[in-house]
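**Student:** Here it is, the structure, as structure tokens.
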Amino acid sequence: GAVVSQHPSWVICKSGTSVKIECRSLDFQATTMFWYRQFPKQSLMLMATSNEGSKATYEQGVEKDKFLINHASLTLSTLTVTSAHPEDSSFYICSLIAGYNEQFFGPGTRLTVL
Amino acid sequence: KNEVEQSPQNLTAQEGEFITINCSYSVGISALHWLQQHPGGGIVSLFMLSSGKKKHGRLIATINIQEKHSSLHITASHPRDSAVYICAVRVTGNQFYFGTGTSLTVIP
């Protein structure tokens with residue numbers, strides 16, 4: 001199966017600053033990656049689909065100017081939370097589909113905005 | 001109403017017990033996934049099913065497409081099985097719907 005890493009695993013930042021989260025596919029070239037957000041005690045919510053070399057597709061209600069996604073290579077997608085606020089504090093997870101339509105998840109990034 | 005419903009939401013079991021987690025869905029699917037999320041947050045895919053039954057070690061997953069229902073069974077449960085188990089269905093293309101998860105605690 002594919003191995004997916006995320007960096008950082010945990011970040012604390014001040015309100016108003018921007019935070020970049022990296023998602024790397026270590027052994028698979030992924031033209032598509034997915035970004036999810038998970039609030040405590042809730043399920044995963046798809047934020048956007050990241051497409052290599054083109055614009056990301058955002059889910060309804062997700063601000064594309066606030067959550068900037070860049071998928072510059074087949075092994076790296078980045079999510080930048082701009083002007084972060086406490087309500088953006090959440091667990092952010094990326095994933096990709098490889099093999100026989102199997103989904104592989106990154107370990108997640110826990111963001112806390114003070 | 002959620003497209004994917006799981007039950008129970010929380011489950012506590014004694015070590016060694018047989019455990020069943022249920023998942024019902026209301027949409028047409030191409031595949032159903034069972035995921036395991038440990039307290040640290042990392043998610044591991046346990047099974048991907050489109051029909052029938054799969055077994056991996058002490059884990060068994062079944063799906064009934066006609067009834068739109070799947071079950072995840074854990075035999076001889078162990079404290080290390082404590083985690084949140086999430087049912088996810090894949091509809092068209094890359095679209096997934098996720099259940100809210102079942103939090104399992106296995107007590108020694």
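None of the figures in this text is laboratory data; all of them are computed from the coordinates on show. Owing to the predicted nature of the structure, the values given are computational and were not obtained by experimental measurement. Every residue, glycine among them, receives a Cβ derived from its backbone with ideal geometry; neighbour counts consider all protein chains shown.
**Student:** B:Leu46's amide H: which non-local residues (gap 5+, or another chain) put their own amide H closer than 5 Å, with H modeled 1.01 Å from N in plane and none for Pro or chain starts?
**Tutor:** HN-HN under 5 Å from B:Leu46: B:Trp34, B:Leu35, B:Gln36.
**Student:** Now for a separate question. Local charge sum around B:Pro79 (other residues, Cβ-Cβ under 14 Å, Lys/Arg +1, Asp/Glu -1)? Walk me through the intermediate numbers first.
**Tutor:** Values: positive: B:Arg58, B:Arg80; negative: B:Glu15, B:Glu17, B:Asp81.
For residues surrounding B:Pro79, the net value is -1.
**Student:** Could you give the semi-axes, largest first, of the ellipsoid that matches the range A:67-114, computed as the square roots of 5 times the alpha carbon gyration tensor eigenvalues and rounded to whole Å?
**Tutor:** For the range A:67-114, the semi-axes come out at 25, 14, 7 Å.
**Student:** Over 29 Å between Cα atoms: which of A:Lys55/B:Lys68; A:Lys64/B:Lys54; A:Lys41/B:Lys68; A:Lys64/B:Lys53; A:Lys41/A:Lys64 fall into that group?
**Tutor:** From the list (A:Lys55/B:Lys68; A:Lys64/B:Lys54; A:Lys41/B:Lys68; A:Lys64/B:Lys53; A:Lys41/A:Lys64), the Cα-Cα distance tops 29 Å for A:Lys55/B:Lys68; A:Lys64/B:Lys54; A:Lys64/B:Lys53.
**Student:** Please report A:His71, A:His7, B:His56 as a ranked list, fewest other C-beta atoms within 10 angstrom at the top and most at the bottom.
**Tutor:** So the ranking, lowest neighbour count to highest, is B:His56, A:His7, A:His71.
**Student:** What is the dipole size for chain A, taken about its Cα centre, with +1 at each Lys and Arg Cβ and -1 at each Asp and Glu Cβ, in debye to the nearest 20? Kindly include the intermediate steps, with their values, before the conclusion.
**Tutor:** Working: 9 positive and 9 negative charges, 50 e Å.
For this selection, approximately 240 debye.
**Student:** Return an integer: the convex hull volume of the alpha-carbon atoms of chain A, in Å³ per residue.
**Tutor:** 95 Å³
**Student:** Averaged over its residues, how many other protein chain Cβ atoms are within 10 Å of peptide B:32-41's Cβ atoms? Spell out each step's value before the answer.
**Tutor:** On the way: counts 0, 3, 0, 3, 0, 7, 1, 0, 4, 12.
Averaged over the peptide's residues, the number is 3.
**Student:** Further question on the same structure: For chain A, list the cysteines whose Cβ sits under 4.7 Å from no other cysteine Cβ?
**Tutor:** Cysteines of chain A left without a disulfide-compatible partner: A:Cys13.
**Student:** What is the magnitude of the charge dipole of the protein assembly as shown about its Cα centre, with +1 placed on the Cβ of each Lys and Arg, -1 on the Cβ of each Asp and Glu, and no other charges, expressed in debye to the nearest 20?
**Tutor:** 80 debye
**Student:** Related question: Calculate the all-directions average of the projected area of the protein assembly as shown's alpha-carbon convex hull, and give it in nm². Kindly include the intermediate steps, with their values, before the conclusion.
**Tutor:** Values: hull surface 48.8 nm².
Orientation-averaged projected area of the Cα hull: 12.2 nm².
**Student:** Please give me the summed charge of the neighbours of B:Thr62: other residues whose Cβ is under 10 Å from its Cβ, Lys and Arg +1, Asp and Glu -1.
**Tutor:** Every neighbour counted, the sum reads +3.
**Student:** Applying the Karplus parametrisation 6.51 cos²θ - 1.76 cosθ + 1.60 with θ = phi - 60° to the phi angles of the range A:106-113, what ³J(HN,Hα) value in whole Hz is obtained for each residue in order, glycine and proline being reported as x?
**Tutor:** Values, residue by residue: x, x, x, 10, 8, 9, 10, 10 Hz.
**Student:** Also, quick follow-up: May I ask you to list the aspartates and glutamates whose Cα is less than 19 Å away from that of A:Lys20, ignoring any residue fewer than eight positions away on the same chain?
**Tutor:** A:Glu52, A:Glu63, A:Asp65, A:Glu87, A:Asp88
**Student:** Let me confirm one metric for peptide B:85-95, namely the mean number of other chain beta-carbon atoms within 10 Å of its residues' beta-carbons.
**Tutor:** 2
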